[in-house]
Amino acid sequence: MGDWIGLIFFVLLVVGAVVGLSYLGRAPKRLSEQEYEARVVEARGTTRAATAAALHALQKLMNPKAAEAVEVQKDLKAGFYNDEEKDAGPDEAGSPKRGAGGTDKEGDDA
């Protein structure tokens with residue numbers, strides 16, 4: 001019985017492959033000029049983004065230190081230095097920065 005199940009599976013697999021290949025081998029339908037121009041306009045942004053992403057990945061592979069330097073510069077702009085967030089100073093002019101507890105008092109942990 002197991003042999004028949006295996007045989008049926010392989011026959012269905014071969015039939016599916018033949019049907020799929022015949023579907024892929026058909027000639028595509030013709031596009032009108034307007035459809036072609038619309039597809040070209042839509043594809044421009046996608047093509048540029050894909051090219052930029054591929055070049056960025058290639059640049060990371062060729063020069064990993066430069067990619068790390070870009071990440072460090074982003075961290076520095078965000079206020080991180082040596083994996084610690086630097087205090088940016090008071091929130092408003094003249095008022096001290098509030099802590100996570102929402103109070104201005106320091107040392108009031110209890």
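Annotations for the structure displayed:
- In sequence order, the range 72-81 has phi-based couplings of 5, 5, 5, 5, 5, 5, 7, x, 9, 9 Hz under the Karplus curve 6.51 cos²θ - 1.76 cosθ + 1.60, θ = phi - 60°, and Gly or Pro positions carry x.
- Among LYS60, LYS65, the order by Cβ neighbours within 10 angstrom, fewest to most, reads LYS65, LYS60.
- Which of LEU24, MET1, HIS56, positive extreme of dipole for the range 1-79 (C-beta unit charges): HIS56
- Neighbour counting of Cβ atoms within 10 Å sorts the residues PHE9, PHE80, fewest neighbours leading, into PHE9, PHE80.
- The dipole here belongs to the range 1-84: it is taken about the Cα centre, uses +1 on the Cβ of Lys and Arg and -1 on the Cβ of Asp and Glu, and is about 400 debye.
- In order along the range 8-13, the phi-based Karplus estimate (6.51 cos²θ - 1.76 cosθ + 1.60, θ = phi - 60°) of 3J(HN,Hα) comes to 4, 4, 5, 5, 5, 5 Hz; Gly and Pro are listed as x.
None of the figures in this text is laboratory data; all of them are computed from the coordinates on show. Not measured: the values here are computed from a predicted model. Quick reminder, even Gly has a Cβ in these numbers, built from the backbone with ideal geometry, and neighbours come from all protein chains shown.
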